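Undergrad: The following block contains the structure, expressed as structure tokens.
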Amino acid sequence: MVALASSFKGIEAQRAFFVFGDSLVDNGNNNYLATTARADAPPYGIDYPTRRPTGRFSNGRNIPDFI
């Protein structure tokens, strides 16, 4: 256990977290693409407290939102 604890000594906290979209992660870049498939109108975003479309095809938060 001591060897394990000493191996993590000196590691800095991460400053950024990059998530690239796939079928499990919808990162909301749809509003910045030149496409006719848009996610910027209801019902998208109805599960957020603001009830505003976020550019995501999912209706709520994804796993990276909680990390």
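The values are calculated or read from the model by the stated rules, or taken from the named source; none is laboratory data. As the structure is a prediction and not an experimental result, all values here were calculated from the model. Note that we place each Cβ from the backbone using ideal geometry, even for glycine, and neighbour counts take in every protein chain shown.
Undergrad: Within the stretch 52-67, count every residue that is part of a loop (DSSP other than H, G, I, E, B) and of a type in the set (A, V, I, L, M, F, W, C).
TA: 2
Undergrad: Can I ask one more? Give the residues of the stretch 23-34 that are assigned to a loop (DSSP other than H, G, I, E, B) and either surrounded by 13 or more Cβ atoms within 10 Å (Cβ to Cβ) or modelled with pLDDT of 80 or more (or both), sorted by residue number.
TA: Result: V25, D26, N27, G28, A34.
Undergrad: Let me ask something else about it. Quick check on the stretch 44-51. Is at least one of its residues at pLDDT below 80, out of contact with any Lys or Arg (no Cβ under 9 Å at 6 or more places or on another chain) and assigned to a loop (DSSP other than H, G, I, E, B)?
TA: no
Undergrad: What are the residues in the stretch 34-45 that are of a type outside the set (G, A, S) and in contact with a Gly (Cβ under 9 Å, 6 or more places away or on another chain), if any?
TA: Within the stretch 34-45, R38, D40, Y44 qualify.
Undergrad: Quick check on my filter: what residues within the stretch 48-64 are of a type outside the set (S, T, N, Q) and either within 18 Å of N31 (Cα to Cα) or surrounded by 12 or more Cβ atoms within 10 Å (Cβ to Cβ) (or both)?
TA: Across the stretch 48-64, the qualifying residues are Y48, R51, R52, P53, G55, R56, F57, G60, R61, P64.
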